[in-house]
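S.K.: Once you've had a glance at the structure underneath, I'll fire off some questions.
Read-outs throughout are calculated quantities, based only on the coordinates presented, and are distinct from any laboratory measurement. Everything numeric here is computed off the predicted structure, so don't read it as measured data. Here the Cβ positions follow ideal geometry from the backbone for every residue, glycine too, while neighbour counts run over all protein chains shown.
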Amino acid sequence: MKLSQIKSFVENYTELDLDYKTRQRCFVYARAVYFYLAKKHTRNSLKTLADSLQVHHTSVIHSLNNVMPVIFKHDKHLTTLCKNFSQEYKHFVNNTKKGKQHLLDENINLKLEIVKYKTMIKDMNEKQSVQQGC
């Protein structure tokens, strides 16, 4: 699994931008969850995890050692996410694939509509030029 996949999953789940530099609790918790999941599900170093969010590697250590225990103790929503990550991620990927397919289908339909309207405009212009020529 890639860091970018975990990052996008956590961002979608929490509806927060992990790159946003703030000390607000919701952002701190979201970043901590990202570091926890990335450490657990990848073989990347702490430095690599830190670089992915442009923070110092000690921020990752602090998140893992100090913030995650608080999350596990007080935030059932994020704790459930961490414990059921594999299932949640599979569900997320399946929904994303369905969403992408829906967007592709909609894109094709819109292109067909555009072609139809271009043809109508062309026919109208030809009729106007014929009428003006008479």
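S.K.: Among N94, N125, I114, whose Cα sits farthest toward the positive end of the charge dipole of the chain (+1 at Cβ of Lys/Arg, -1 at Cβ of Asp/Glu, about the Cα centre)?
M.R.: N94
S.K.: Please go through the residue pairs K21/K76; K2/K76; K2/K73; K2/K40; K47/K73; K47/K76 and name each one whose alpha carbons sit more than 19 Å apart in this structure.
M.R.: Values: K21/K76 25 Å; K2/K76 26 Å; K2/K73 28 Å; K2/K40 12 Å; K47/K73 27 Å; K47/K76 29 Å.
Too far apart for the 19 Å limit: K21/K76; K2/K76; K2/K73; K47/K73; K47/K76.
S.K.: Still on this structure, please answer the following. Which entry is the computed P(r) over Cα pairs in 10 Å bins from 0, in percent for this structure: (i) 11, 32, 20, 10, 9, 8, 7, 3, 0; (ii) 12, 28, 18, 12, 9, 7, 6, 4, 3, 0; (iii) 12, 41, 32, 11, 3, 0?
M.R.: Checking each listed value against the structure points to (i).
S.K.: Now for a different question. When only C-alpha pairs under 8 Å and at least 6 residues apart count, what is the relative contact order of the chain, in percent?
M.R.: 18 percent
S.K.: Let me ask something else about it. If you plug each phi of region 53-66 into the Karplus form 6.51 cos²θ - 1.76 cosθ + 1.60 with θ = phi - 60°, what whole-Hz ³J(HN,Hα) values come out, in order, with x for Gly and Pro?
M.R.: 10, 6, 10, 7, 4, 5, 5, 5, 4, 4, 4, 5, 8, 10
S.K.: Evaluate the charge dipole of the chain about its Cα centre and quote only its size in Debye, nearest 20, assuming +1 on the Cβ of each Lys and Arg and -1 on the Cβ of each Asp and Glu. Display every interim value, and only then the final one.
M.R.: Details: 22 positive and 12 negative charges, 109 e Å.
Roughly 520 debye, rounded to the nearest 20.
S.K.: Going toward the positive end of the dipole of region 1-83, with +1 on Lys and Arg Cβ and -1 on Asp and Glu Cβ, which of L53, Y34, V70 do you reach last?
M.R.: V70
S.K.: For helix 25-41, report the angle its Cα long axis makes with the longest principal axis of the Cα atoms of the chain; keep it between 0 and 90° and round to the nearest 10°.
M.R.: Roughly 80 degrees, rounded to the nearest 10.
S.K.: Nearest 10 degrees is fine. How inclined is helix 3-14 to the longest principal axis of the chain, computing both from alpha carbons?
M.R.: 80 degrees
S.K.: Shifting gears a bit: Could you line up L110, L37 from fewest to most neighbouring Cβ atoms inside 10 Å?
M.R.: L110, L37
S.K.: Still on this structure, I have one more. Taking a ≥ b ≥ c as the square roots of the eigenvalues of the Cα gyration tensor of region 4-79, is the shape rounded (a/c under 1.5), prolate (a/b larger than b/c) or oblate?
M.R.: Rounded.
S.K.: Still on this model: Just order 111-121, 25-35 by mean Cβ neighbour count inside 10 Å, highest at the front, would you?
M.R.: Working: 111-121: 10.0, 25-35: 20.6.
Listed from highest to lowest mean packing, they are 25-35, 111-121.
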